[in-house]
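The values are calculated or read from the model by the stated rules, or taken from the named source; none is laboratory data. Bear in mind the structure is a predicted one, so any value in this text is a computation, not a measurement. Note: ideal-geometry Cβ built from the backbone for every residue, glycine included; neighbour counts use all protein chains shown. These accessible areas exclude ligands, DNA and RNA; they are computed on the full protein's heavy atoms, side chains included. Shrake-Rupley method; radii C 1.70, N 1.55, O 1.52, S 1.80 Å.
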Amino acid sequence: MKLLQPYTLGSLKLKNRMVMAAMTRSRADADGVVGAITAEYYAQRASAGLILSEAVNISADALGSPLTPSLYTPAQIEAWQKVTAAVHEKGGLIFAQLWHTGRVAHSADRHGILPAAPSPIKIEGMQHFTSQGAKDYETPRELTTAEIQQIIADYAQAAQNAIAAGFDGVELHAANGYLPQQFLADSSNHRQDAYGGSTANKARFTLETMQAIIAAVGGERVGIKISPLHPYAGIAFDNPTATYEYLINELNKLDFAFVEIMQRAPMFPLLPHYPQSDELALFGKMVQGKTLIAGTGYTAATGEAALESGAADLIAYGAAFLANPDLPRRFEQGAELNTPDRATMFGGGEQGYVDYPFLK
């Protein structure tokens with residue numbers, strides 16, 4: 001089974017080709033500090049070839065949702081050191097996913113401060129989960145050029161903090177409607193300066209951020225996650241194929257480890273003018289000289305098929321790893337899988353977090 005074969009990612013030796021996808025679990029405290037239960041959670045899943053941590057706020061300004069972890073204070077770094085040590089003790093590898101939510105946020109959990117974004121455009125048609133319940137999105141304020149430069153510097157610092165915390169590398173979260181994708185998308189970026197207007201200008205933020213992260217920690221420790229056709233949080237492109245062809249071609253010029261392509265979640269309809277072709281086939285072949293990770297909705301059979309066909313190098317599993325801490329062993333034995341409890345995915349304690357049963 002190719003899923004269970006080892007793989008070399010830069011200087012790292014992955015025990016298999018199964019990646020634990022990043023999944024927000026909302027179990028940090030109000031200061032963004034993770035606890036012992038988080039160390040247990042990730043250590044339980046150390047049989048993955050590579051763990052991608054839940055998205056981690058790079059700064060106070062990056063915060064979008066309550067009880068999500070951060071990586072910018074000494075206390076936060078120290079807490080993550082215990083997590084990475086627990087994973088390494090079990091023979092695992094773990095990257096930190098670096099997160100700035102931009103407009104996917106609410107002032108209710110930001111001490112009354114409005115979120116900021118490329119343009120003052122509100123997300124319509126959905127609500128945001130806050131500590132005070134679901135709320136309509138607010139109109140964000142527009143970032144200044146100086147603030148954009150500070151955010152790029154914050155990403156680089158967070159990458160260095162991640163290495164100090166014991167992570168084996170970092171992944172830029174440039175998918176799911178968060179800040180990098182807000183700069184890239186026509187629906188959320190109406191700027192007319194160096195960070196808006198043309199496709200090249202809209203891609204500038206993501207590319208400059210990647211360059212800064214690579215300079216901070218070295219390219220072999222860096223990856224990026226993209227979601228070209230996923231319309232979450234009001235993200236829409238006039239021509240997604242052309243936009244991502246430009247972005248990926250520019251990323252190909254940079255020296256870093258991997259590109260993760262998150263395919264559109266089935267519950268989100270494809271926008272009418274979007275290409276009907278398979279996303280991995282369309283965008284994956286554009287990626288050159290990088291390890292390609294494919295994610296969203298894969299089973300053992302479909303993941304194996306993607307590897308056998310050469311369409312991807314590694315397969316990311318989300319909810320399946322959440323509910324099955326020993327997922328590689330279950331795939332190896334063809335064993336039945338635990339069912340994820342969606343009621344306990346976000347927030348809470350041990351239930352639905354560290355109490356999923358292992359195979360006997």
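Overview of results
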| quantity | calculated |
| --- | --- |
| First in the range 1-24 and without any contact (Cβ under 8 Å) to a residue 12 or more places away in the chain, second anywhere and part of a loop (DSSP other than H, G, I, E, B) and open to solvent by 50 Å² or more (accessible area, probe 1.4 Å), Cβ under 9 Å, 6 or more apart | LYS13/PRO6 |
| Hey, LEU67 in contact (Cβ under 8 Å) with a residue 24 or more places away in the chain, open to solvent by 40 Å² or more (accessible area, probe 1.4 Å) and either assigned to a loop (DSSP other than H, G, I, E, B) or among the hydrophobic types (A, V, I, L, M, F, W, C) (or both) or not | yes |
| Residue list for the range 130-148, filter: modelled with pLDDT of 95 or more and open to solvent by less than 30 Å² (accessible area, probe 1.4 Å) | TYR137, PRO140, LEU143, ILE148 |
| The range 113-127, residues that are farther than 18 Å from TYR195 by Cβ, open to solvent by less than 60 Å² (accessible area, probe 1.4 Å) and at pLDDT 95 or above | ILE123 |
| Of all residues making up the range 4-37, the number that are in contact with a helix residue (DSSP H, G or I) (Cβ under 6 Å, 6 or more places away or on another chain), assigned to a loop (DSSP other than H, G, I, E, B) and within 20 Å of ALA301 (Cα to Cα) | 2 |
| Count of residues meeting criterion [farther than 24 Å from LYS285 by Cβ and free of Cβ contacts under 8 Å to residues at least 24 places away in the same chain] in the range 208-241 | 1 |
| Selected residue (only one of ALA22, ALA96, ALA105, ALA60 is among the hydrophobic types (A, V, I, L, M, F, W, C), more than 19 Å from PHE167 (Cα to Cα), buried (at least 23 other Cβ atoms within 10 Å of the Cβ) and modelled with pLDDT of 95 or more) | ALA105 |
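Here's the yes/no breakdown for (1) in contact with a Gly (Cβ under 9 Å, 6 or more places away or on another chain); (2) farther than 26 Å from ALA316 by Cα:
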residue	(1), (2)
THR38	no, no
LEU50	yes, no
ASN57	yes, no
GLY64	yes, no
PRO69	yes, no
ALA96	yes, no
HIS106	yes, yes
GLY112	no, yes
